[in-house]
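A quick write-up on the structure given underneath.
The values are calculated or read from the model by the stated rules, or taken from the named source; none is laboratory data. Small disclaimer: the values here were computed from a predicted structure and weren't measured. Cβ placement follows ideal geometry from the backbone for every residue including glycine, while neighbour counts extend to all protein chains displayed.
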């Protein structure tokens, strides 16, 4: 339950609307008391008719009953009106808090380091911002609404009953302690089961996403049956946990109805005795029975509300786990409209959890120069680019950009001045145009045409039915690997940053187009600082300088010709690749 305290800031934010909703709850329940009183009065009038038949002839009694009917109609109408207002007010607030909470979670996700996304499954991350937030919204809306309604109704009804007959009120409320004990015991079980259900749902969501994303592999290996078995296993575990939760929830309603029914029986049994001795009349018993029935749904809903609250507490606990994670990556205060692109690595080291990626790396690159980075798998090539983007922070050493430590830059300002093409091509489920404009929404039609020419994809795009406005599907599913890579490069170049980082993003492009694209990129010489990571020497051979990495160590540095004149790692790779060709 303590996990829900996190939401207090939102309740305070919307306190005026919640207070207004509370006033509507009070008004609705005040008017709900009148019909029972008026019905009790009508019973007394009818009782007088039975005892004095001559009153039937007198129209005054009939007229009084007619007025009572009008008053009941007015009371019920007023109750319905205020009930509508209380629902509109409190439920709308819950939707607004849901919106705010989702935005806060997503904003927090964006502030976290890449390490967070490596450690946590995508399905679990998505589940906390969708399914868990929905459970919390049910607490903020229906649960709070019905809780306020129950509290107000209980107080008003008990006060009214006690005012009429304290003795009969005692017997009517006798089952309440038993009810309270049962609620406490069952709610504890609900909380435990709800938390387990949310965990199993996250596992199922993650597996489903994984299976859908890898559908091509599954089909190519003819493993549909195996993947179905995996899904069924996770689904069965989730269903079993849901059934356990439903079993606990199902105890609430029968117990509530039983206890409310017991109150009705006690009302009739002890009410009859009080009528006989003349302490109350028939109208009072009728009024009490109506009050007990009025409490039937609110008291019965205690089980439902308790389930919502406990489920929400479990969900909010999961949300809080992620919200409490803070990135160690601190943003500096230095802002520059245009970073020129002078980069210096001095004794830079970086370690992942299981291995050392970089060990005391030293190199420098001036504005307008091209740097090639080559090395074996896991040698630390991509890590260098991620350190420049500050997706990662070095463990030791320093990275200087334009005579300023990279840690002093405002992170958003730094990344605004860098165009990064990752190893894995990613395109949004949108048109080609909108994908290209992602980093530079103000780019003109002329800019788009030029950039498509630079990456040698103009002819291919023109053949699409809608040209540049063609919808390319999720992750660019309608495009080939080479087309995806070229559009990724085009998007980065269109951003028009002075630092361009290309992480092995030409691997799926044919040799002819690769040469043309590289030639076009080299035309930026003296204008842009470009770092190209590649496993192919042909990709980086024209760079101003090349660094060679091996197991995190910088083992060679120089131009293409200089490195070929040394019998080292670079020449070895060159000879192997040339033999292959």
Kindly provide the set of residues from segment 459-476 that are surrounded by fewer than 16 Cβ atoms within 10 Å (Cβ to Cβ) and in contact with a strand residue (DSSP E or B) (Cβ under 8 Å, 6 or more places away or on another chain), ordered by number.
-> 466, 469, 471
Just give me the residues in segment 255-269 being modelled with pLDDT of 80 or more and surrounded by 19 or more Cβ atoms within 10 Å (Cβ to Cβ), in sequence order.
-> 266, 267
Which residue, of 308, 257, 280, is in contact (Cβ under 8 Å) with a residue 40 or more places away in the chain, in the same structural domain as residue 171 (by TED's automatic domain parsing) and over 30 Å from residue 138 (Cα atoms)?
-> 280
Breaking point among (1) on the phi < 0 side of the Ramachandran plot; (2) over 27 Å from the mean Cα position of the chain (by Cα); (3) surrounded by 21 or more Cβ atoms within 10 Å (Cβ to Cβ), for residue 380 = (1)
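I'd like the full set of residues that are within 30 Å of residue 5 (Cβ to Cβ) and part of a loop (DSSP other than H, G, I, E, B), limited to segment 271-326. Before you say what the answer is, go through the steps one by one.
Filtering segment 271-326 down to residues within 30 Å of residue 5 (Cβ to Cβ) leaves 295, 297-326.
Within segment 271-326, 295, 324, 325, 326 qualify.
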Matching option when the condition is surrounded by fewer than 23 Cβ atoms within 10 Å (Cβ to Cβ), in a helix (DSSP H, G or I) and either in contact with a strand residue (DSSP E or B) (Cβ under 7 Å, 6 or more places away or on another chain) or in the same structural domain as residue 417 (by TED's automatic domain parsing) (or both), among 538, 507 = 538
Considering every residue within segment 514-527, establish whether at least one is crowded, with 23+ Cβ neighbours inside 10 Å and more than 23 Å from residue 424 (Cα to Cα).
-> no
With the condition kept exactly as written, say whether any residue in segment 219-241 is farther than 30 Å from residue 178 by Cα, at pLDDT below 80 and in a helix (DSSP H, G or I).
-> yes
Scan (1) touching a helix residue (DSSP H, G or I) at 6+ places or on another chain (Cβ under 9 Å); (2) part of a loop (DSSP other than H, G, I, E, B) for the single condition residue 338 breaks and write down its number.
-> (1)
Those residues of segment 366-388 which are touching a strand residue (DSSP E or B) at 6+ places or on another chain (Cβ under 6 Å) and either assigned to a strand (DSSP E or B) or over 26 Å from residue 573 (Cβ atoms) (or both) amount to 367, 370, 371, 372, 373, 374, 375
Residue check, residue 460 against (1) touching a helix residue (DSSP H, G or I) at 6+ places or on another chain (Cβ under 7 Å); (2) under 30 Å from residue 209 (Cβ atoms); (3) modelled with pLDDT of 85 or more, all met but one. Which one?
-> (2)
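Within segment 450-458, is there a residue that is buried (at least 18 other Cβ atoms within 10 Å of the Cβ) and touching a strand residue (DSSP E or B) at 6+ places or on another chain (Cβ under 9 Å)?
Start the filter on segment 450-458 by keeping residues that are buried (at least 18 other Cβ atoms within 10 Å of the Cβ), which leaves 451-452, 454-457.
Checking which are touching a strand residue (DSSP E or B) at 6+ places or on another chain (Cβ under 9 Å) leaves us with none.
No, there is no match, as no residue in segment 450-458 is buried (at least 18 other Cβ atoms within 10 Å of the Cβ) and touching a strand residue (DSSP E or B) at 6+ places or on another chain (Cβ under 9 Å).
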Subset of segment 424-437 (residues that are touching a helix residue (DSSP H, G or I) at 6+ places or on another chain (Cβ under 8 Å) and either more than 28 Å from residue 382 (Cα to Cα) or surrounded by 15 or more Cβ atoms within 10 Å (Cβ to Cβ) (or both)) | 425, 427, 431, 432, 433, 435, 436, 437
Return a yes/no flag: does segment 287-295 have any residue that is over 20 Å from residue 172 (Cβ atoms), without any contact (Cβ under 8 Å) to a residue 40 or more places away in the chain and either within 32 Å of the chain's Cα centre (by Cα) or assigned by TED's automatic domain parsing to the domain that holds residue 160 (or both).
-> no
Segment 123-168: number of residues that are surrounded by fewer than 16 Cβ atoms within 10 Å (Cβ to Cβ) and either over 21 Å from residue 196 (Cβ atoms) or over 15 Å from the mean Cα position of the chain (by Cα) (or both) = 7
List the pairs whose first member sits in segment 79-103 and is touching a residue at least 12 places away in the same chain (Cβ under 8 Å), whose second member is outside any helix (DSSP H, G or I) and surrounded by 19 or more Cβ atoms within 10 Å (Cβ to Cβ), and whose Cβ atoms are under 6 Å apart, counting only residues at least 6 apart or on separate chains?
-> 93/14
For segment 541-580, name all the residues that are touching a residue at least 24 places away in the same chain (Cβ under 8 Å), in a strand (DSSP E or B) and over 25 Å from residue 523 (Cα atoms).
-> 549, 550, 553, 554
